[in-house]
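Everything below concerns the one structure shown next.
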Amino acid sequence: MDTLSQLKNELQDEYQTTRKFFEIFPEGKNDYAPHEKSMKMMPLATHIAEVFGWADTMLKTSDLDFANTDYQPKKLSTREDLLKVLDENYKLSNEALSNATEDDLSQSWALKNNGHELAKWSKYGSIRHSLNQATHHRAQLGVYYRLNNIPLPGSYGPSADYQGF
C-alpha cells in the first residue's frame, strides 16, 4: 500500500476544501463567537490554517513539548493573511510528505507537556489525527458561517447553499 500518496491526496483534498471556506471568510467578523466558551472566528480559522503545517513538523521531529517550545499561535487579521498561511503550510506539509518514506511513517511522535507524555502515535497516526483536526475545526467554522448567514461551500459533496461539487 502506498500510504504516503494517500496522505498527500487527502491533504490536498482537505486543503482545497478549506481554501473554499477561507476564500469567503467574512471581513469584520474576526471576534465573532457563538458562545462565551467558543473560540473567536479568526483564531479558529488561524488554527485551521496552522494545522496544515503539522505534517511537516511531525515528519521532522519526534515530539512537541508544550512547556519547552516558544511556539505562539499566529495573530492573523485578514482573509488574505489566512489564505497565505494556509497556502504556505500546505506547501510545507506536501513537500515533507513528498520527501518522506513509508518507514518514516512508522516512527513515533508524541505530544508532551514538560516531559509528560499526553498522547503518542506513529507519525502516520499523528498526521491522520491532524487531518481529522482540520476537518473538525472546519466544521465548527461552518457553524459560525451558518449562524452569520454566510452560504456554505460544499465539503464532501453539495451543501444546502451550493448544489455543485
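No value in this document is a laboratory result; all are computed from the given coordinates. Given the structure is predicted, the values throughout are model-derived calculations rather than measurements. Here the Cβ is made from the backbone with ideal geometry for all residues, glycine too, and neighbour counts use every protein chain on show.
A cut-off of 5 Å between modelled amide H atoms, ignoring neighbours fewer than 5 places along the same chain, links Tyr32 with Met41, Met42. Return one number: the angle in degrees, 0 to 90 and rounded to the nearest 10, between the long axis of the Cα atoms of helix 123-147 and the longest principal axis of the Cα atoms of the chain. Once rounded, one gets 10 degrees. Charge dipole of the chain (Cα centre as origin; +1 on each Lys and Arg Cβ, -1 on each Asp and Glu Cβ, all else neutral): 460 debye, rounded to the nearest 20.
A straight Cα-to-Cα reach below 18 Å connects Lys123 with the lysines Lys8, Lys60, Lys112, residues fewer than 8 places away in its own chain not being considered. In a fully extended conformation the segment linking Thr3 and Trp121 would gain 40.9 nm over its present Cα-Cα distance, using 0.36 nm per residue.
Seen against the Cα atoms of the chain and their longest principal axis, helix 41-51 is set at about 30 degrees.
Distant-in-sequence amide contacts of Lys112, defined by a placed amide H-H separation under 5 Å and a gap of 5 or more residues or a different chain, comprise Leu64, Asp65, Phe66, Leu118. Applying 0.36 nm per residue to the separation of Asn114 and Lys75 and subtracting their alpha-carbon distance, the gain on full extension is 11.6 nm.
Projecting the Cα atoms of Phe25, Thr46, Tyr156 onto the dipole axis of the chain, where Lys and Arg carry +1 and Asp and Glu carry -1 at the beta carbon, places Phe25 farthest toward the positive end. The GNM of the chain, with springs linking C-alpha atoms under 10 angstrom apart, assigns the highest mean-square fluctuation among Gln72, Gln16, Gln133 to Gln72. Assuming R0 = 25 Å, what is the FRET efficiency of Gln163 and Val143, from their Cβ-Cβ distance, to the nearest 0.05? It comes to 0.75.
For the chain, the longest principal axis of the alpha carbon atoms and the long axis of helix 79-99 meet at an angle near 30°. Sequence-ordered 3J(HN,Hα) estimates for the range 71-76 from the Karplus curve with 6.51, -1.76 and 1.60 and θ = phi - 60° stand at 4, 9, x, 5, 10, 9 Hz, glycine and proline given as x. When the C-alpha to C-alpha distance is required to be over 24 Å, the pairs from Lys20/Lys91; Lys40/Lys84; Lys40/Lys120 that qualify are Lys40/Lys120. In nm, what is the difference between 0.36 nm times the number of residues separating Gln16 and Thr61 and their Cα-Cα distance? This chain segment gains 13.6 nm when fully extended. Here Lys74 is the anchor, and the aspartates and glutamates within straight C-alpha reach of less than 14 Å, apart from those fewer than 8 places off in the same chain, are Glu50, Glu88.
With Cα atoms defining each centre, the range 135-165 and the range 6-85 are spaced 17 Å apart in the structure.
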